[in-house]
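**Q** What follows is a single structure, and I will ask about it in a moment.
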Amino acid sequence: MIKKIAIVGGGTAGWLAANHLGHALLQSGIEITLIESPNIASIGVGEGTVPSMRYSLQKFGISESDFINECDVTFKQSIKFVNWLDKHKHGANFYHHLFDHPHIFGEDLTQQWLADGHGNDYADFVSKQHACCENNLAPKTIATPQYAGINGYAYHFDAKKFAAFLGSHATQHFAVKHLFAEIKDVSCDEQGFITHLIDSDGNALEFDFIIDCSGFSAAFIGQKLGVGFVDKSASLLTDTAITLQVPTQSDDEIPPYTIATAHQAGWIWDIALTERRGVGFVYSSKYMSDEQAHAKLHHYLGNKFEHLTPRKIPMKVGHREKMWHKNCVAIGLSQGFVEPLEATAILIADFSAGLLAKRFPRTREDINLVADEYNQQVNYVWQQTFDFIKMHYCISDRTDSAFWRDNKKTDQLSEKLKNNLARWQRFSPVREDFASKFDLFDLENYLYVLFGMHYVPAKQQTKQSDNQQVAKLKQQRVNQLLSELPKHRELLDKIKKFGLQKY
């Protein structure tokens with residue numbers, strides 16, 4: 001029988017796993033212990049999420065007001081992609097990957113946008129949220145109940161504060177034990193199952209199931225159990241990030257979106273929290289030196305923070321051959337990694353932990369019934385994620401550097417992505433292109449990126465739309481929201497003072 005679970009490694013991934021399992025197994029009699037090294041800091045770069053995080057936090061029974069106030073949270077309604085197209089053709093350019101689906105009053109304006117010749121910005125044409133983002137408005141009002149929104153939203157937060165917040169919740173509400181120890185080795189039985197974790201004092205800690213949240217080192221799934229790594233660096237070319245935390249003024253406007261600005265060898269993330277910005281310069285060391293990257297990061301920041309030293313993070317892009325082997329499951333960076341262009345690190349960790357909690361085995365025999373399916377499902381998620389991230393690069397018309405030219409080489413594309421892009425050159429994407437329930441990125445996500453980057457089918461299968469009235473109603477709704485929704489910082493200040501309604 002599986003009676004004792006060890007989650008090895010804190011950080012966001014470890015504590016997400018603790019909450020998912022703690023919630024699912026609270027009445028099961030299974031004991032959960034999170035073991036955290038006192039000497040190893042978490043990577044802690046992931047400060048952005050997607051809307052599914054709202055549902056996880058709500059399921060855990062977390063107060064959204066407490067979460068917002070304790071983790072320096074700001075609302076995220078979009079990713080604003082800046083200069084991902086050729087400046088010579090398009091000038092300074094941007095598009096939004098919004099979190100609201102492009103449906104107004106139940107009508108999708110996509111076909112009208114195509115029929116009208118797609119001369120207008122796609123996101124602005126089909127969604128009320130575009131104007132709200134560009135005016136730095138919140139996605140809700142102080143009277144909107146917690147976890148509900150007038151516009152779709154996710155969060156930005158301080159990653160270290162978020163991990164600590166999740167830890168406090170798991171220990172207080174789900175009886176998760178928290179142990180500080182340095183795990184140096186493991187003992188396995190004759191079948192290859194881990195039976196004991198050996199700490200730095202030589203103590204043998206007995207557990208029945210191990211969740212590896214040890215980060216890039218993959219100390220258990222990789223180093224101890226020997227599960228191989230599938231390297232994706234030949235397709236996804238960025239391999240390094242340098243990050244800075246930049247102070248802001250208390251009256252600065254807070255953009256309700258992540259800014260992702262392309263440069264000659266990668267891109268820059270810019271995330272505004274309540275008291276600082278998290279800025280990361282992502283690049284490929286094959287096409288840009290560390291010195292060039294540092295100079296360009298400081299240039300992006302207006303050379304105002306040259307006294308600050310960026311933190312360098314090597315990025316190991318790819319995933320484990322198996323995420324579940326014997327009685328060990330990898331979650332978080334130990335499972336895999338791709339550059340944080342679409343906030344995928346926390347998304348996949350949350351998905352993986354939730355999926356494990358739904359069918360957690362009670363015996364070793366149960367493992368044989370669920371592990372293969374789990375591996376297939378999570379592997380599918382990784383392949384789809386790699387394709388979605390790669391698509392941002394390969395459909396760009398930028399040719400101003402070897403990095404961008406090399407990203408267009410078709411031998412770097414999976415057969416599925418290659419076939420999809422060929423079809424989408426002729427026919428607009430349809431929902432049937434995303435038939436799996438494990439498609440974390442669906443039709444709407446693809447439409448915002450494809451059409452935002454002017455990747456529009458040459459052969460239109462559309463007729464002149466009769467949705468002119470819907471378009472007028474949409475604009476009326478936009479005008480209403482512009483007058484009713486508060487500024488982003490204004491709402492955050494009110495939440496700090498009054499909190500959100502629970503229902």
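**Q** Mind checking which of Ala163, Cys133, Ala260 is farthest towards the positive end of the chain's charge dipole, using Cβ charges of +1 (Lys, Arg) and -1 (Asp, Glu) about the Cα centre?
**A** Checking the options against the dipole of the chain, the answer is Cys133.
**Q** Given labels modelled 7 Å from the Cα in the Cβ direction, how far is it in nm from Ser289 to Arg359?
**A** 5.2 nm
**Q** In deg cm²/dmol and to the nearest 500, what is the mean residue ellipticity at 222 nm of the chain if only DSSP H runs of at least 4 residues count, each as -39500 (n - 2.57), divided by the residue total?
**A** -10500 deg cm²/dmol
**Q** Also: Taking 29 Å as the cut-off for C-alpha to C-alpha distance, list the pairs among Lys322/Lys416; Lys128/Lys496; Lys322/Lys437; Lys3/Lys76; Lys286/Lys326 that go past it.
**A** With Cα atoms farther than 29 Å apart: Lys3/Lys76; Lys286/Lys326.
**Q** 5 Å is the cut-off here: which amide hydrogens, built 1.01 Å from N in the peptide plane, fall below it relative to Glu31, excluding neighbours closer than 5 in sequence?
**A** Lys4, Ile5
**Q** Could you calculate the contour length gain from Ser168 to Ala143, that is, 0.36 nm times the residue separation minus the distance between their Cα atoms, to one decimal place in nm?
**A** Here the answer is 6.2 nm.
**Q** Between the alpha-carbon centers of region 402-433 and region 46-97, tell me the distance in whole angstrom.
**A** 25 Å
**Q** Quick check: Cα centre of region 260-331 to Cα centre of region 1-33, how many Å?
**A** 30 Å
**Q** Hey, another quick one. Which one, Gly149, Leu244, Phe94, is farthest towards the positive end of the dipole of the chain when Lys and Arg carry +1 and Asp and Glu -1 on their Cβ?
**A** Farthest along the dipole direction, towards plus: Phe94.
**Q** Semi-axes of the equivalent ellipsoid of region 135-279: what are they in whole Å, largest first, if each equals the square root of 5 times a C-alpha gyration tensor eigenvalue?
**A** Over the Cα atoms of region 135-279, the semi-axes work out to 39, 24, 15 Å.
**Q** What pairs from Lys472/Lys502; Lys316/Lys408; Lys80/Lys472 go past 32 Å between their alpha carbons?
**A** In this structure, Lys472/Lys502 exceed 32 Å between Cα atoms.
**Q** Moving on. Calculate the dipole size of region 240-314 relative to its Cα centre from +1 charges on Lys and Arg beta carbons and -1 charges on Asp and Glu beta carbons; express the result in debye to the nearest 20.
**A** 320 debye
**Q** Using only the alpha-carbon atoms, how far is helix 443-452 inclined from the longest principal axis of the chain? Give it as 0 to 90 degrees, nearest 10.
**A** The angle comes out at about 50 degrees.
**Q** With +1 on each Lys and Arg Cβ and -1 on each Asp and Glu Cβ, how big is the dipole of region 378-455 about its Cα centre, in debye rounded to the nearest 20?
**A** It works out to roughly 180 debye.
**Q** Sticking with this one: Dipole size in debye (nearest 20) for region 293-361 around its Cα centre, Lys and Arg Cβ +1, Asp and Glu Cβ -1?
**A** Using only the charged Cβ atoms, the result is roughly 240 debye.
**Q** I'd like the orientation of helix 344-358 relative to the chain: the angle between its Cα long axis and the longest Cα principal axis, in ° from 0 to 90, rounded to 10.
**A** 50 degrees
**Q** What do you get for the angle between helix 364-394 and the principal long axis of the chain? Use alpha-carbon atoms, 0 to 90 degrees, nearest ten.
**A** 30 degrees
**Q** Taking θ as phi - 60°, what are the ³J(HN,Hα) couplings along region 114-122 by the Karplus curve (6.51, -1.76, 1.60), each to the nearest whole Hz, with x for Gly and Pro?
**A** Here the 3J(HN,Hα) series is 5, 5, 7, x, 6, x, 8, 4, 4 Hz.
**Q** Among residues other than Ala24 whose Cβ falls under 13 Å from its Cβ, what is the net charge (Lys/Arg +1, Asp/Glu -1)?
**A** +4
**Q** Sum up the charges of everything whose Cβ sits under 15 Å from the Cβ of Leu85, counting Lys and Arg as +1 and Asp and Glu as -1, but leave Leu85 out.
**A** Cβ neighbours under 15 Å give a net charge of +2.
**Q** Determine, for each peptide in 57-69, 251-263, 325-337, 206-218, the mean count of other beta carbons within 10 angstrom over its residues, then list the peptides with the highest first.
**A** Final packing ranking: 325-337, 206-218, 251-263, 57-69.
**Q** If each residue of separation counts as 0.36 nm, what is the full-extension length gain between Ala115 and Asp411 once their alpha-carbon separation is subtracted?
**A** Using 0.36 nm per residue and subtracting the Cα-Cα distance, I get 103.2 nm.
**Q** While we're on this one: Output the relative contact order of region 240-314, whole-number percent, from Cα pairs under 8 angstrom with separation of 6+ residues.
**A** Normalised by residue count, the contact order of region 240-314 is 39 percent.
**Q** Any idea how far apart Gln475 and Ser28 come out in nm if each label point goes 7 Å out from Cα toward Cβ?
**A** 5.6 nm
**Q** Where does each of 137-143, 424-430, 266-272 land if you order them by average Cβ count within 10 Å, highest first?
**A** So the order, starting with the most tightly packed, is 266-272, 137-143, 424-430.
Read the figures in this text as sums done on the coordinates, not as results from a lab. Fair warning: this is a prediction, and the values are worked out from it, not measured in the lab. Every residue, glycine among them, receives a Cβ derived from its backbone with ideal geometry; neighbour counts consider all protein chains shown.
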